[in-house]
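Every number in this text was worked out from the coordinates using simple rules, so none of it is lab data. Keep in mind the model is a prediction, meaning the values are calculated, not measured. Don't worry about glycine lacking a Cβ; one is built from the backbone with ideal geometry, like all the others, and counts go over all protein chains shown.
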Amino acid sequence: MFTSAGGEERSLLMMIFGGTGDLTHRKLLPALYHLMAERQLPEECSVICIGRREISQEEYRLQARASVAAHSRSGVDETHMERFLSKLQYRRMEFVSDPASYGAFREWLSENEALFRAPAVRIFFLAVAPEHFGLIVSRLRESRLIVKRNPDHRVMIEKPFGSDLASARKLNLTITEALDERQIYRIDHYLGKEMIRNILAIRFGNSLFEPLWNHHYIDNIQITSTETLGVEGRGGYYERSGILKDMLQNHLLQMLALITMEPPADLMPESIRDEKVKALRALRRFAPSGICEGIALGQYGPGVINGRQVPGYREERDVDDDSSVPTFIALRASVDNFRWGGVPIYIRAGKRLDRQRTQIVIEFKRLPGINYYQEFRDQPPNLLVIQVQPAEGMHFQINAKRPGNEFRMDQVELDYSQGSRFQGNVPEAYEQLILEAFRANSSLFTRWDELEQSWMFVESVEKMCDAGMQPFPNYAAGSRGPERAGLLPREDGREWLEIQLPRREEKE
Ligand code: BG6
């Protein structure tokens, strides 16, 4: 039985604004297909995709079938597909230019809702251009499609939430006029990734790590998210966001918050989010000195990736010939509190790099006594690698005796590969996000105060480092990024840790 937080049975009405868009076809429809195939959603469930294009139901279902087949994580089963398509509808609606269309939609929806036996949870998923977020939410409220403080009326909002601190505040004001915080599900799809959800389990479920998780034992933390992909036809969007707003403000800072937060009192969404926001508040802002210190920005030029010649960022469609938008960032962050004082947190992310990889590396301090034994000299430090993607898993690097008559040390790895340990398909991030929104579990979504803190940090980066002053392009596609990025940890006597997973190939 599918229930509300109060334990009563619920059906589901899922409305997707942006029903003809890329996100809907690549991620949302496949996610809904899998959730239905695995009976994670109630039998009484309707998915209504809303778009401005004139498309017949038949045509839309054909397109949906093709999208699910192309992007499903495990192929499709015809029986499940038929059931999924029978619950899918397309509705044309001029949701920007025609306010009256909302009233007509409400009547139609109420008639459909009345056919369900159990009261419905209404989820409105905004997969549209961000400039429409505020407008749609206001109209949903005016037409009483959503009612403030009704916990069964929920809105899921894609990123970016605002384009800077001021616009994010303005958008939040509009949205909170219509909904209270518990009805708002701001998406950061990284929070739905299996290994990101695993951070809490790794940190607080292991007596091996929990007591060591502080500046006494950890030397530095490295968060890396590199992509071989470029902007993939999204040049127009990327020109407005760049790496700072596309990755740093959301995914990278969310990973940082989960790694550095204090243990929450319990695993309730608000307890977790309270601790994340405290960590983000302690994140040191960059001083507006204008000298780009502790930060390296980059933009890719042409180059070769996987044997294929690719254009530079400035040659991409909808990108300015002399664009100063960064596609790479590396920085040294500090969380100024008792737990993390003095521990550098190196972050780097970029497009068109040599490898596709999201990884968090915790480097433990070296044992001082190790040097008293001649044989133990120069052993590498212990490392914990949380491999977010590809090939999710964990890898713990320790030192042990090499087999043989000589007493010689070697570095060995304890390796956990999620794919080999748990066979079968692991749900994609959007499946987890939709399911948890239906279950009213907001811990996988960002609360306003987290976002506000993230924007403050990003603005401090922007103020310190003027991208317009950088010698772009400064790295070739297929490389490891700009030279300056390599120097960042080196200035502190450290190196970026380029971890190659031992028993699993990293997919390109
Ligand atoms: C998105 C960004 O939020 O995250 C993209 O807009 C980026 O530019 C993507 O490629 C990375 O997500 P993932 O799940 O592929 O790591």
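Plainly put, region 297-337 has a radius of gyration that is 1.19 times its Kirkwood radius, both from alpha-carbon atoms, as the Rg/Rh ratio. When Val343, Val68 are arranged by Cβ crowding within 10 Å, least crowded first, meaning fewest neighbours, the order is Val343, Val68. Straight-distance candidates among the aspartates and glutamates for linking to Lys401, with alpha-carbon spacing under 15 Å and chain neighbours fewer than 8 residues away dropped: Glu375, Asp378, Asp410, Glu413. Its residue count N fixes a reference of 2.2 N^0.38 Å for region 366-490, and the Cα radius of gyration divided by that reference is 1.62.
Note on region 11-186: along the principal axes its Cα atoms extend 47, 36, 30 Å, ordered by decreasing extent. Per residue, the convex hull around the alpha carbon atoms of region 75-176 comes to 140 Å³.
Checking the cross-link pairs Lys193/Lys365; Lys27/Lys245; Lys245/Lys276; Lys148/Lys245; Lys170/Lys193 against a 27 Å limit on the alpha carbon distance flags Lys193/Lys365; Lys148/Lys245; Lys170/Lys193 as lying beyond it.
I need Trp455, Trp448 ordered by Cβ neighbour count within 10 Å, fewest first.
In increasing order of surrounding Cβ atoms, one gets Trp448, Trp455.
Among the cysteines of the chain, Cys45, Cys49 have no other cysteine beta carbon within less than 4.7 Å of their own.
For region 266-334, a Kirkwood hydrodynamic radius built from all Cα pairs, placed in the Stokes-Einstein relation at 37 °C and 0.692 mPa s, yields a translational diffusion coefficient of 207 µm²/s. Placing a pseudo-label 7 Å from each Cα along the Cα-to-Cβ vector at Ser167 and Phe204 gives an inter-label distance of 3.5 nm. Segment Asp378..Arg144, full-extension length gain: 77.5 nm, with 0.36 nm per residue of separation and the alpha-carbon distance subtracted.
In the chain, helical runs assigned H by DSSP with n ≥ 4 each contribute -39500 (n - 2.57); averaged across all residues and rounded to the nearest 500, the mean residue ellipticity at 222 nm is -9000 deg cm²/dmol.
Over region 191-490, what lengths in whole Å, largest first, do the semi-axes of the equivalent ellipsoid take, defined as the square roots of 5 times the eigenvalues of the alpha-carbon gyration tensor?
Equivalent-ellipsoid dimensions as semi-axes: 32, 25, 21 Å.
Long-range amide H contacts for Leu12: which residues qualify at under 5 Å (H placed 1.01 Å from N, peptide plane, sequence gap of 5 or more or a different chain)? Long-range HN contacts for Leu12: Cys45, Ser46, Val121. The share of C-alpha pairs in the chain whose separation exceeds 37 Å stands at 33 percent.
Once the chain from Leu267 to Asp410 is taken as fully extended at 0.36 nm per residue, the excess over their C-alpha distance is 47.6 nm.
Put simply, the amide H of Leu283, placed in the peptide plane, has neighbours under 5 Å in Asp336, leaving out anything fewer than 5 places away on its chain. Label-to-label distance, Ser417 versus Arg281, with points set 7 angstrom from Cα along the beta-carbon direction: 4.4 nm.
Relative contact order for region 11-186 using alpha-carbon pairs under 8 Å, separation at least 6, rounded to a whole percent?
Rounded, it is 25 percent for region 11-186.
Relative contact order of the chain: 18 percent, from C-alpha pairs under 8 Å at least 6 residues apart in sequence. All Cα-Cα distances of region 197-337, cut into 10 Å bins from zero to the largest, leave 9, 32, 28, 20, 9, 0 percent in each bin in turn.
Ranked by how many other Cβ atoms sit within 10 Å of their own Cβ, fewest first, the residues His71, His251 fall in the order His71, His251.
For Met409, the amide hydrogen comes within under 5 Å of the amide hydrogens of Arg402, counting only partners 5 or more places away or on other chains and with H modelled in the peptide plane.
Globularity index of region 7-67 is 1.18 (Cα radius of gyration / 2.2 N^0.38 Å, N = number of residues).
Of all DSSP beta bridges confined to the chain, the antiparallel ones make up roughly 55%.
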